[in-house]
Protein chains: 4
Amino acid sequence: MSSPSARGRRGRGRRAADQVRQEILQAAGDLLLESGMAGFTVEKVAALAGASRVTVHKWWPSKGALAFDGYFTVVASTLDDPDTGDVATDLTTQLRAFVHLMRDTRAGLVLRELIGHAQIDPELSTALRERYALPRAQRFIDTLERAKRKGQLRADVNSEDIVCQLWGACYFQLLVTGRPPLTDEFVTSIVRNMLVGIRTGPPTADDAGRRPAGVS
Amino acid sequence: MSSPSARGRRGRGRRAADQVRQEILQAAGDLLLESGMAGFTVEKVAALAGASRVTVHKWWPSKGALAFDGYFTVVASTLDDPDTGDVATDLTTQLRAFVHLMRDTRAGLVLRELIGHAQIDPELSTALRERYALPRAQRFIDTLERAKRKGQLRADVNSEDIVCQLWGACYFQLLVTGRPPLTDEFVTSIVRNMLVGIRTGPPTADDAGRRPAGVS
Amino acid sequence: MSSPSARGRRGRGRRAADQVRQEILQAAGDLLLESGMAGFTVEKVAALAGASRVTVHKWWPSKGALAFDGYFTVVASTLDDPDTGDVATDLTTQLRAFVHLMRDTRAGLVLRELIGHAQIDPELSTALRERYALPRAQRFIDTLERAKRKGQLRADVNSEDIVCQLWGACYFQLLVTGRPPLTDEFVTSIVRNMLVGIRTGPPTADDAGRRPAGVS
Amino acid sequence: MSSPSARGRRGRGRRAADQVRQEILQAAGDLLLESGMAGFTVEKVAALAGASRVTVHKWWPSKGALAFDGYFTVVASTLDDPDTGDVATDLTTQLRAFVHLMRDTRAGLVLRELIGHAQIDPELSTALRERYALPRAQRFIDTLERAKRKGQLRADVNSEDIVCQLWGACYFQLLVTGRPPLTDEFVTSIVRNMLVGIRTGPPTADDAGRRPAGVS
DNA sequence: CTGTAAGCGAGACGGTACGTCCTGTCTTATC
DNA sequence: GATAAGACAGGACGTACCGTCTCGCTTACAG
């Protein structure tokens, strides 16, 4: 018997479901990194995988869902959780890793397109949120909560809001204003802003809710 | 002579270019708000405007470009620049207006799709950056710079970074984590975080400009 | 289960290829006889057949090829081979049948247009030659060869040339000089001319092999 | 004053009608010989002539009419009428000249397409008949009538029918069966067939009306 | 060890949209 | 005042995907 693997298949009959799935995902990821979201087509993926469009359709209801799964099949997603004891350092490390991915790798470019497409494709939107954004945000939140417990951060700030203000700042650059900067200095800057604030002068006793007296 | 206006046309020949353009833009905007980016089609726009696809193609090279122009034809873009004298108030006002648009109106939904589509369509990406994002960011920056001059904000912070951290926080919610919150409280929270920072404890003497002693 | 035939279809999926082909051909033939080559359009054929333009394109590379096939689907092409024993009679019979078709029927008009279109469309040109002209010419040649064997015709004449001179005479009227005559008398005349020649004077004993004296 | 001739015009105003006409015709002829009937377009002709489509339309109601006029503007049509005193020679000469044109020159190819297009375009059909086919046929008929008067041809044959059987034979090759042969030998053959007939046996005294006795 | 049925590929189909080409009509500005 | 330049609607073209559906094959599992 010959090995039933390899891209070019000959027969028609049934194959193990997992094998088919895997080949489709690999093909999807390859195509995605090669052509970007524009040239990404169910038809091409099926052809690449030596599968039938029907089969692809059976498991992935939309182009977006397939692209998403393909992406994470190909792009190894290492979720390391640095803990140096200092918040600023930990946050900066995580952000820089992200910025590097988005700025310097093909995968970053694709991920950007993926997020873009998610605005139209609800399937992809859900997948992206639940299986990409939230898990990563959670790691970030963990870092923040740890810092709170250590007394490095105020206890009354909402960690999720911080995530928005740090990660969101990067995404904003990527998705809305265009991508040129996104330097390490930018990361340093926004972390510092976040930590110490941008206001001048001696803080009043109730910064947490009010505006300082003496300012009209 | 009869008025040559109105949607239903009679002959075949030429119409004033500007009139055609305007009708196409109006149709594009209408269709966009009605069907969203999914059902938005050059073909339908042309039909709605009583125009020919060729004519549409002549002026708008891509679906995205047409959608963008149509959007701003229909969505009145009021760029008022509040100046109450207090940074926090001004920033909050601007952000809340934006949040309201994105959260409560059909236009917000469409704008989100537009930004999404821009990740794939370079034409749209450029248009969006230059004719939407940058002008609006500039108003924000103006507010920040004014506050700097008044001594309300530290002079060493980069205003563009602040824009990223405030607007970006909102966009992040909308585009990446899904939309549920985006409340007024969220806006209040991120502005306060931004102003006073999230760090605890007695500020050191040289907190990047200094933070006051005695922060609660 | 209900019969899956009939024009009005329900689902989207596949129909038997042959059925689709047949319906397209029928529609093509119908449209051709109704509107002539001018109003004949791939789009209309597809609509009439309840088929998709793509499907039509798959099998018929050009408008001409489709028209040709449609024509012979609708126009029954009876190729009877008369054999009365007398050449003149047989030839006259065949030519009159052809003349009748071209002069008195809608199909004749269409065939004329088809031949015209073939001058521009190589696909159609080939089809017309191989699947229309040649088979019909062959029947004519058979008649001539039979007559040769019987000694009714000179053995040294080229049968194909005769076909050109008889059929060609009719086509010439139709295609070049305009169509008015093409009467039965015309047929009688050209057959007689062909058989006995148009030269005057006492025939020499061996006209069959030589050219008349005086012709260089 | 600058010369208003030359292909590339710059101004817009009025030019002498004849000049415009002539430039259009020249452009039409050039384009026709270059691209054939397929690539022949009113638009391209107008562009080539530096004229407006409207102007072209004013004088030539259809693409066919324009092509026809353009053709004869460019292709010099020499109508020499040979008279050697011998019919066979004269006929052969005329036919060979025609065959040469059609077989060996670009103009022949175009003329074939022109005749083809005439089957669809009535304007062209009329023009072709009245200003091309009939005049040329007349010269041929003149030759035949001259031969009749000299007693070389039987007086009871219809000259027009002979034209059909000789020219028609050539056109038939060109238009219907495909073009390969059309040799000088073919011409020789059909002229001889025409003159002496293809029947065997000694001609009876009244070949002109009856079939020979003894042939059933 | 064999029969059966589930799962699959191949591929055609209707449909929607695309971008292009050409036509005939109409307007405007020019000469 | 005839003209070119140019823009417009309309209609057809050929292409690309999509999602659906029917085949016929093959393999995996059940008996």
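The values are calculated or read from the model by the stated rules, or taken from the named source; none is laboratory data. Small disclaimer: the values here were computed from a predicted structure and weren't measured. Here Cβ is always computed from backbone atoms with ideal geometry, including for glycine, and neighbour counts include all displayed protein chains.
Per-structure values
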quantity: Within segment C:126-144, considering residues that are more than 18 Å from C:Phe172 (Cβ to Cβ) and hydroxyl-bearing (Ser, Thr, Tyr), the one farthest from the other protein chains (Cβ to nearest Cβ); calculated: C:Thr143
quantity: Every residue from segment D:145-169 that is basic (Lys, Arg), in a helix (DSSP H, G or I) and in contact (Cβ under 8 Å) with a residue 24 or more places away in the chain; calculated: D:Arg146
quantity: Complete set of residues in segment C:50-83 that are more than 25 Å from C:Met102 (Cα to Cα) and without any contact (Cβ under 8 Å) to a residue 40 or more places away in the chain; calculated: C:Ala51, C:Ser52, C:Arg53, C:Val54, C:Thr55, C:Val56, C:His57, C:Lys58, C:Trp59, C:Trp60
quantity: Top-ranked residue of segment B:130-144 - restricted to ones that are buried (at least 17 other Cβ atoms within 10 Å of the Cβ) and without any contact (Cβ under 8 Å) to a residue 40 or more places away in the chain, ranked as nearest to B:Thr93 (Cα to Cα); calculated: B:Ala137
quantity: Some residue of segment B:39-55 being at pLDDT below 90 and within 13 Å of DNA strand F (Cβ to nearest atom); calculated: no
quantity: Residue that is farthest from DNA strand E (Cβ to nearest atom), among those in segment A:60-89 that are within 14 Å of another protein chain (Cβ to nearest Cβ) and closer than 22 Å to A:Ser189 by Cα; calculated: A:Asp86
quantity: Count - residues of segment B:160-180 that are in contact with a Lys or Arg (Cβ under 8 Å, 6 or more places away or on another chain) and either surrounded by fewer than 21 Cβ atoms within 10 Å (Cβ to Cβ) or closer than 19 Å to A:Glu113 by Cβ (or both); calculated: 6
quantity: Scan of segment A:75-100 for residues that are modelled with pLDDT of 90 or more, among the hydrophobic types (A, V, I, L, M, F, W, C) and crowded, with 17+ Cβ neighbours inside 10 Å, ordered by number; calculated: A:Leu91, A:Leu95, A:Phe98, A:Val99
quantity: Count of residues meeting criterion [polar (S, T, N, Q) and in contact (Cβ under 8 Å) with a residue 60 or more places away in the chain] in segment D:101-124; calculated: 0
quantity: Extreme residue, farthest from the chain's Cα centre (by Cα), among residues of segment B:37-59 that are more than 9 Å from DNA strand E (Cβ to nearest atom) and crowded, with 17+ Cβ neighbours inside 10 Å; calculated: B:Ala51
quantity: Filter result (assigned to a helix (DSSP H, G or I) and surrounded by 17 or more Cβ atoms within 10 Å (Cβ to Cβ)) within segment A:112-122; calculated: A:Arg112, A:Glu113, A:Leu114, A:Ile115, A:Gly116, A:His117, A:Ala118
quantity: Residues that are farther than 21 Å from C:Val187 by Cα and of a type in the set (Asp, Glu), drawn from segment C:106-165; calculated: C:Glu113, C:Asp121, C:Glu123, C:Glu130, C:Asp156
quantity: Some residue of segment D:114-137 being in contact with a strand residue (DSSP E or B) (Cβ under 9 Å, 6 or more places away or on another chain) and polar (S, T, N, Q); calculated: no
quantity: Extreme residue, nearest to A:Arg96 (Cα to Cα), among residues of segment A:26-36 that are more than 15 Å from DNA strand E (Cβ to nearest atom) and either more than 14 Å from chain B (Cβ to nearest Cβ) or in contact (Cβ under 8 Å) with a residue 60 or more places away in the chain (or both); calculated: A:Leu33
quantity: Residue among A:Ala147, A:Ala155 that is more than 7 Å from chain B (Cβ to nearest Cβ), surrounded by fewer than 21 Cβ atoms within 10 Å (Cβ to Cβ) and more than 18 Å from the chain's Cα centre (by Cα); calculated: A:Ala155
